[in-house]
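Just below is one structure, and these are the notes that go with it.
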Amino acid sequence: MSKTADAFDRFRNQYPAKACDMSRVANSDELVALDLSDGVRQWVDGAGAEKGATPLINPKPPATQLWVVRPDDVVHAREDDAASAELESKVIKHSNLTGGADAHCGGELLFCGENVIALNGASGRYGPSSVAEMTAVAHAFRSSGYGVWSYGFSEETMTAYRFGDRDPEWVA
């Protein structure tokens, strides 16, 4: 079994899939299921990475990718990939990675190096609902072979922090 499959199976066993928050869907294009031909990529095992300097990330960084833990895999895609130009919203939404189906968790990520990512749980449709869930998904990414900088979760607002809200923390 791959590191990715093992890490995210443990996460899925602890955090069941949740329905897409349809109140957040603005138009029918946000439910169009995109696939590998549209630039969606499968998450694959990384080779591990050492902690480097804390990344300084602006609130709306270019090259932001959306990620979703689906029932059988983990996928990611650039929010502003070529496929997004055809969509009414002009950006990919998390529901485009699921076709509106249930998923375990979602958010945004940036590659800070070949095997280092900065990660948040900023998804209006599948975001984490607790500190524990955000911590668990960050550890799943770490266990899949990546160095992970996590933005964490605010207990005050009960939402995941976004890029630029605060400095990320290294996931050990």
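The values are calculated or read from the model by the stated rules, or taken from the named source; none is laboratory data. In this text, all values refer to a predicted model and were calculated from it rather than measured experimentally. All Cβ positions, glycine included, derive from the backbone under ideal geometry; neighbour counts span all protein chains shown. Protein only, heavy atoms only, side chains kept; ligands, DNA and RNA dropped before computing areas. Shrake-Rupley method; radii C 1.70, N 1.55, O 1.52, S 1.80 Å.
Quick notes on this one:
- Lysine pairs within region 1-97, Cα separation less than 30 Å, 8 or more sequence positions apart or different chains: 9
- Residues of region 74-125: accessible area per residue with a 1.4 Å probe, Å²: 33
- Contact order normalised by residue count of region 38-172, Cα under 8 Å, 6+ apart, percent: 26
- Between 0 and 90°, nearest 10: helix 131-143 axis offset from the chain longest Cα axis: 80
- Between 0 and 90 degrees, the angle of helix 3-14 with respect to the longest Cα principal axis of the chain falls at about 70 degrees.
- FRET efficiency for Asp72 and Arg24, using Cβ-Cβ distance with R0 set to 22 Å, rounded to 0.05: 0.40
- Were the residues from Ser37 through Ala132 laid out at 0.36 nm apart, the gain over their Cα-Cα distance would be 30.8 nm.
- With Cα atoms defining each centre, region 15-40 and region 53-82 are spaced 15 Å apart in the structure.
- Long-range amide H partners of Trp43 with built H, under 5 Å: Val74, Val75, His76
- Correct choice for P(r) over Cα pairs in 10 Å bins from 0, in percent that was computed from the model, options [x] 11, 41, 38, 9, 0; [y] 10, 39, 35, 13, 3, 0; [z] 9, 32, 26, 11, 7, 7, 5, 3, 1, 0: [x]
- The charge dipole of region 1-153, taken about the Cα centre with unit charges on the Cβ atoms of Lys, Arg (+1) and Asp, Glu (-1), comes to about 460 debye, rounded to the nearest 20.
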